[in-house]
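Notes follow the structure.
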Amino acid sequence: MNLKNSQYQAIMRQYDLRQMEHRHQQTLRYEELCNKLPAYRDLEDQIAALYADRARAAVLGQAVQLQDMLQQIQTLQHQQRILMTRAGYPSDYLALTYTCPDCHDTGFIGDEKCHCFKQAMVDLLYRQSNIHEVLERENFDTFDIRYYSDAKNRNLGISPRENMQAVLNTCHDFIDHFDEQARNLLFYGDTGVGKTFLTNCVARELLNTSHTVIYLTAFHLVDILQNNTFGNDDMDDSDENMFHYILDCDLLIIDDLGTELNNAFVTSQLFLCINERLLARKSTIISTNLSLDELQNEYSERIFSRLISNYEIMLILGDDIRIKKAISD
């Protein structure tokens, strides 16, 4: 995913702010420690003096003195640790902390972008939408299973509530083992039964654990694929960047499959997207109002075969929750 220079600088400023904040917190912890343990500051002054002496000894080439002073420094540092632990502080209390322990808040591991930097890139693209605000409203904490009836479905022998509990269990298992195996989910069912809400629940959990998640309606996905293939002078930077990341993000969510304008080209591009992510062992979640028979009729045999063979297919039972909420309000 390519960034404009201004976008790159905006992300790097966030890393600078993180580093400054963590150094500030480290300084506050140091001042607290010295105020409560004056002996700790005395030892720190002695260590600083020895480091200055070592610098002079190094210039003069006094190897024996260098080693002796190093041992003194180590002894004083050991005394500091004893003071801290006896006072109830952890031995690493003054260690510099990081928001991302993998890259130490630099954004890079070697020459490679860290996963947190990749997520920051995706976040930039999301800022033009309301996705983060939506995830604050629609998540597992706000999910209310009471909207699902406990009356048995005559054909399936299970109630919508029991069905949803099984689906929720699958979603939590999907999240808990996300880094261990590539899995794909397909939610289908009537309008308003909570399919999009579920995808948002999963998205929020994975975003909170620094995974790269891209959420697109099927209509928007197709629009990006078409613009990228045929070229479009009106294509904005977010869509152009998004295309380069659709196949590579940790989780791609395609919402409302079946609402896009379908034709041979769209079908071929959807197959490319689905198939390439399967080959790369990247997880995908699809939601649709179409039945399995309608999916088979609407899309190519190749797409349907990939979905049936590689996705965990889950029917969502229930009535339109939006109507229930409107009535209860």
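Does L125 count as open to solvent by less than 60 Å² (accessible area, probe 1.4 Å), within 30 Å of C34 (Cβ to Cβ) and either assigned to a loop (DSSP other than H, G, I, E, B) or at pLDDT below 95 (or both)?
No.
Could you run through the stretch 276-311 and say how many residues are among the β-branched types (V, I, T), under 20 Å from F265 (Cβ atoms) and more than 21 Å from the chain's Cα centre (by Cα)?
Of the residues in that region, 2 qualify.
So if I check each of D320, D237, which one is open to solvent by less than 70 Å² (accessible area, probe 1.4 Å), farther than 18 Å from T199 by Cβ, acidic (D, E) and modelled with pLDDT under 90?
D237
Regarding V202, is this residue under 15 Å from L270 (Cα atoms), among the β-branched types (V, I, T) and either open to solvent by 10 Å² or more (accessible area, probe 1.4 Å) or part of a helix (DSSP H, G or I) (or both)?
no
Could you list, in sequence order, the residues of the stretch 6-53 that are open to solvent by 60 Å² or more (accessible area, probe 1.4 Å) and touching a Leu at 6+ places or on another chain (Cβ under 8 Å)?
Within the stretch 6-53, R23, Q46 meet the criteria.
Conditions (1) more than 17 Å from the chain's Cα centre (by Cα); (2) over 30 Å from L33 (Cα atoms); (3) modelled with pLDDT of 95 or more; (4) not aromatic (F, W, Y), marked per residue:
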{"site": "S91", "(1), (2), (3), (4)": "yes, no, no, yes"}
{"site": "T97", "(1), (2), (3), (4)": "yes, no, no, yes"}
{"site": "C116", "(1), (2), (3), (4)": "no, yes, no, yes"}
{"site": "E136", "(1), (2), (3), (4)": "no, yes, no, yes"}
{"site": "F187", "(1), (2), (3), (4)": "yes, yes, yes, no"}
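Can you name every residue in the stretch 132-182 that is under 17 Å from L198 (Cα atoms), among the aliphatic types (A, V, I, L, M) and touching a helix residue (DSSP H, G or I) at 6+ places or on another chain (Cβ under 8 Å)?
Listed by number, the residues that qualify are V134, L135, I145, M164, V167, L168, I175.
Exactly one of these conditions fails for V64: (1) in a loop (DSSP other than H, G, I, E, B); (2) modelled with pLDDT under 95. Give me its number.
The failed condition is (1).
Does D141 satisfy the condition of being without any contact (Cβ under 8 Å) to a residue 60 or more places away in the chain and farther than 24 Å from E260 by Cβ?
yes
Which of (1) of a type in the set (S, T, N, Q); (2) modelled with pLDDT of 90 or more; (3) open to solvent by 80 Å² or more (accessible area, probe 1.4 Å); (4) over 30 Å from C116 (Cα atoms) does Q72 not meet, given it meets every other one?
Looking at each condition in turn, Q72 falls short on (3).
The values are calculated or read from the model by the stated rules, or taken from the named source; none is laboratory data. Everything numeric here is computed off the predicted structure, so don't read it as measured data. Every residue, glycine among them, receives a Cβ derived from its backbone with ideal geometry; neighbour counts consider all protein chains shown. For accessibility, only protein heavy atoms count, side chains too; no ligands or nucleic acids. Shrake-Rupley method; radii C 1.70, N 1.55, O 1.52, S 1.80 Å.
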